[in-house]
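Visitor: Before I ask anything, here is the structure I am working with.
What follows draws every value from the coordinates through simple rules; no lab data is involved. Computed from a prediction, not measured in an experiment: that's the story for all the values here. Cβ sites come from the backbone with ideal geometry, for glycine too, and all protein chains shown count toward neighbours.
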Amino acid sequence: MTSTSHDPRAWQRPEDSAARPASARLVDPEDDLPSSTYAGDFETTAIPRYDSNTPNPEHSGYGLLNEPEPLPYVQPANRQQAHSVEPTEIEPDTGFGTSDQAGRRGTQDLGLMVLRVGLGALLIAHGLQKAFGLWGGQGLNGFQQSLVDMGYQHANILTYVGVAGQIGAGVLLVLGLFTPVAAAGAVAYLINALLAAVAAQPDRGYFAFFLPDGHEYLVMLLVLAAALVLTGPGKYGFDAGRGWSRRPFVGSGVALVLGIGVGIGVWVLLNGANPLA
């Protein structure tokens, strides 16, 4: 066995120099002798509290490397407040902006515009025939006489009301303005036109549907007008920002019922004939 050297220089590393801090050099083991006030294992094994404001350098190894001790972890005071924030519900957009349902509607708005403009242009053309005799039309006098022949009362007033209503409904449909009201007016007009055509057929007692003697043309126009009352005008029209354009529901249903009621009421009050009798 070899004897232990008590020379402090023997405990230094070869690469240590005089410029190396004394706190980073190895110390003599015999210098670390118990003091007269040594209290046993509790003195050396006691772990200081992390929240102590006066750290003890004797129990820390960071002093040997001349590095600051790490700061103790302190729980943030507002941690509970950060977790108590309630989530915010994002309301769905019901308009026609960039985040609306336009991306999912596809060509629906374009199709509604085609149907609306097509029906409106047809009503305008027939109204101009009755009003000015264009495109081989009968004019106001001819239209008034046809109303008298079909049994309508007050034909002189009904002539102007019918022509103005037909042209006005067609213009509103083309523009997409007040679409439920315009389409409901078209429904009322087409109901009277259909009932008058059925009453004027030579053979009474049945409803002829297919052409050339049937009434499928008026039936399809009536179905188209009723559909536009329920669907609304779509995005491409002056009603684009209104409720019946974005989400038609109760109001459009009421407009359809009123259109059917007005059409049947005009026939019953001003004509009164049974078209199938």
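Visitor: Going by how many other beta carbons lie within 10 Å of each one, how would you line up V181, V219, V187, fewest first?
Guide: Numbers: V181 17, V219 14, V187 27.
Going from least to most buried by this count: V219, V181, V187.
Visitor: Can you give the alpha-carbon Rg of region 233-277 over 2.2 N^0.38 Å, where N counts its residues?
Guide: With N residues counted in region 233-277, Rg over 2.2 N^0.38 Å equals 1.69.
Visitor: So if each residue of separation counts as 0.36 nm, and I subtract the Cα-Cα distance between V171 and F249, what length gain in nm does that give? Kindly include the intermediate steps, with their values, before the conclusion.
Guide: On the way: separation 78, 0.36 × 78 = 28.08 nm, distance 2.35 nm.
Additional length available on full extension: 25.7 nm.
Visitor: Cα-Cα pairs above 27 Å in region 110-270: how many percent? Intermediate results must be reported in sequence, preceding the final value.
Guide: Values: 3088 of 12880 pairs.
Distances greater than 27 Å cover 24 percent of the Cα pairs.
Visitor: Let me ask something else. For a quick check of your reading of the filter: which chymotrypsin sites (Phe, Trp or Tyr not before Pro) in region 188-239 sit in a DSSP loop and have no more than 13 other Cβ atoms within 10 Å?
Guide: Values: sites: Y189, Y206, F207, F209, F210, Y217, Y236, F238; in loops: Y206, F207, F209, F210, Y236, F238.
Taking region 188-239 and a limit of 13 other Cβ atoms within 10 Å, the loop chymotrypsin sites (Phe, Trp or Tyr not before Pro) found are Y206, F207, F209, F210.
Visitor: Would you list H154, H215 from fewest to most Cβ contacts within 10 Å?
Guide: On the way: H154 11, H215 19.
So the ranking, lowest neighbour count to highest, is H154, H215.
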